[in-house]
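K.L.:
What follows is a structure written as structure tokens; I'll ask about it next.
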Amino acid sequence: MPLPLPPTLTGDRIRIPIVAAEQQILPGAKTKLWTFGGSFPGPTVRRRAGHRTRVTFEHQLPKGVGELSIHLHGGHNRSQFDGYPGGLTKDQPRSLYCDISRALTPRQSGNDLLLSPGASKTYVYDLTERAAFQWYHDHRLDRTARHTWHGLAGMWIVDDAFEEALPLPRGNRDLPLMIADRSFDRDNQLTDPFSEQLRPPADGINGAKILVNGAFMPHHPVGPRRYRLRILNVSAFRSYNVRLSHGLSMVQIATESGLMPKPIRRESILLGPAERAEVIVDFAAVAGESVELRSSHRHPGRNTAGARSYEGALMQFRVRSERLPDHTRIPRKLRPLPKWAQGAKVRKPDQRWEITLGGGFSTKWLLNGRTFDPAHVQAFPHLNKTAVWEIVNRTTVAHVMHLHHTDWYLLQRDGKPPPPWEDCLKETFFVYPNEKILLAGHFSDYTGKFVIHCHMLDHEDHGLMGQFQVVHA
Ligand code: C2O
Ligand code: CU
């Protein structure tokens with residue numbers, strides 16, 4: 001199948017109905033999905049930084065789906081528009097893993113922020129962040145994995161003047177690629193892998209087929225020139241160690257948090273759930289050939305549970321043979337770190353987050369000894385201050401920790417300086433078994449409650465989420 005390119009929306013007032021739809025994913029019967037705007041991925045929203053954007057999401061899925069909560073992943077958003085998970089409701093009267101009181105008021109549980117079936121909610125985004133490749137997805141308590149599995153994910157690109165001034169490929173040579181794994185039954189319908197039997201630490205769900213932009217092993221025509229590939233992993237658990245066939249290398253220019261200080265040539269790039277990498281690929285050396293984007297195991301690597309990457313082809317680029325001029329290039333320097341990150345120093349952390357497995361009878365993922373509870377805030381960082389936080393993994397599974405609200409600068413991995421491709425801003429980080437990472441982050445935008453969680457979606461749904469509240473100093 002040709003690579004699908006979701007429609008792009010650029011207006012300041014956007015309406016996205018959340019609807020059931022059928023899509024051609026595999027040859028044969030179409031697959032029923034829950035979608036943003038009728039497609040998976042949903043429409044790609046493309047806006048300039050600093051331009052206020054109002055998106056009205058209309059929940060038109062059947063009542064049985066229950067409440068939703070939409071998160072713009074990577075955005076610096078106000079707490080009430082950040083996709084707060086919420087608590088127990090009539091539609092979700094219990095939580096399998098999280099210990100949440102039914103007595104909380106809608107405000108205390110965050111249920112006042114949810115999107116109910118039949119209702120709509122307008123999210124206001126000011127896009128105060130730098131240009132970056134983001135995405136949006138459901139974030140409801142206990143059900144994030146299920147909702148995204150069924151199709152509730154879309155891409156979002158923030159542009160700004162700094163990036164536009166660089167001679168990078170643009171237009172149809174700027175390709176967003178969303179990688180997702182899904183399993184299908186004999187009628188091409190999504191399976192339902194969310195069994196209550198799948199308990200931590202064995203609750204990571206892998207799909208059998210890998211999709212790119214919602215198609216299985218698609219192909220895409222390219223010219224023998226430079227392209228910018230924006231690669232995003234939205235799988236619930238799987239990681240990919242992406243590389244190109246024909247020995248083509250990739251030059252990484254950006255992470256989740258936008259452009260890096262300088263480009264880095266890479267043979268392969270490991271992407272855990274929710275991580276992104278933007279790379280420049282020059283197809284000039286392979287004119288007339290078919291190049292595969294693949295994922296491979298890592299040798300040697302930390303191939304522990306949770307970080308074991310898929311092995312196989314993801315998609316194909318069919319490179320045309322006619323010569324074409326290429327006026328793009330990769331600048332030697334990209335985007336300097338912001339001042340606060342340049343000045344960030346290794347020091348004793350202001351806050352520690354410790355991941356453990358516990359709960360005795362029914363095992364759960366714990367963050368600082370507890371599962372997610374909207375009534376409990378674990379940290380109170382100050383607005384307009386740089387905080388240093390440590391995340392420690394005391395389990396035998398790798399986790400991919402994501403922090404809402406702002407971008408982070410990795411100071412250390414296990415006491416050592418980060419590798420060059422992590423010496424930049426990011427917001428989603430692998431934390432390997434028994435490893436600790438030290439991060440600096442600047443809370444520049446809004447006060448309010450935000451979550452920190454593992455982006456392996458079953459882990460998140462099974463307790464591995466906490467929250468912090470940004471307050472005035
Ligand atoms: Cu992409 Cu809190 O999530
Ligand atoms: Cu995890």
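The values are calculated or read from the model by the stated rules, or taken from the named source; none is laboratory data. Treat the numbers as computed from the prediction; the structure is a model and nothing was measured. Note that we place each Cβ from the backbone using ideal geometry, even for glycine, and neighbour counts take in every protein chain shown.
K.L.:
Within the range 443-455, is there a residue that is outside the structural domain of Gly301 (by TED's automatic domain parsing), closer than 26 Å to Arg265 by Cα, away from ligand 1 (no atom under 15 Å from the Cβ) and not basic (Lys, Arg)?
P.N.:
no
K.L.:
Could you list, in sequence order, all residues of the range 445-473 that are modelled with pLDDT of 95 or more, farther than 15 Å from Gly110 by Cβ and charged (D, E, K, R)?
P.N.:
Passing the criteria: Asp458, Glu460, Asp461.
K.L.:
So Tyr97 passes all but one of these: (1) at pLDDT 95 or above; (2) not in a helix (DSSP H, G or I). Which condition number does it fail?
P.N.:
(1)
K.L.:
Report whether or not Gly154 is among the small types (Gly, Ala, Ser) and within 16 Å of ligand 1 (Cβ to nearest atom).
P.N.:
Here the answer is yes, as Gly154 does meet what is asked.
K.L.:
Yes or no: Arg102 closer than 20 Å to Ala131 by Cα and basic (Lys, Arg)?
P.N.:
Taking the combined requirement at face value, the residue does not satisfy it.
K.L.:
Select from the range 391-433 the residues that are of a type in the set (Lys, Arg), crowded, with 17+ Cβ neighbours inside 10 Å and within 16 Å of ligand 2 (Cβ to nearest atom) and list them in ascending order.
P.N.:
none
K.L.:
Something else about it: Only one of Leu72, Leu141, Leu61 is closer than 22 Å to Pro6 by Cα, assigned to a loop (DSSP other than H, G, I, E, B) and among the aliphatic types (A, V, I, L, M). Can you tell me which?
P.N.:
Leu61
K.L.:
Might you let me know whether the range 191-201 holds any residue that is part of a strand (DSSP E or B), under 18 Å from Leu26 (Cα atoms) and either in the same structural domain as Gly258 (by TED's automatic domain parsing) or of a type in the set (A, V, I, L, M, F, W, C) (or both)?
P.N.:
So far as the range 191-201 goes, no, none of its residues is part of a strand (DSSP E or B), under 18 Å from Leu26 (Cα atoms) and either in the same structural domain as Gly258 (by TED's automatic domain parsing) or of a type in the set (A, V, I, L, M, F, W, C) (or both).
K.L.:
Now for a different question. Looking at Pro433, Pro420 in this structure, which one is touching a residue at least 40 places away in the same chain (Cβ under 8 Å), outside the structural domain of Leu96 (by TED's automatic domain parsing) and in contact with a Gly (Cβ under 9 Å, 6 or more places away or on another chain)?
P.N.:
After ruling out the rest, the residue left standing is Pro433.
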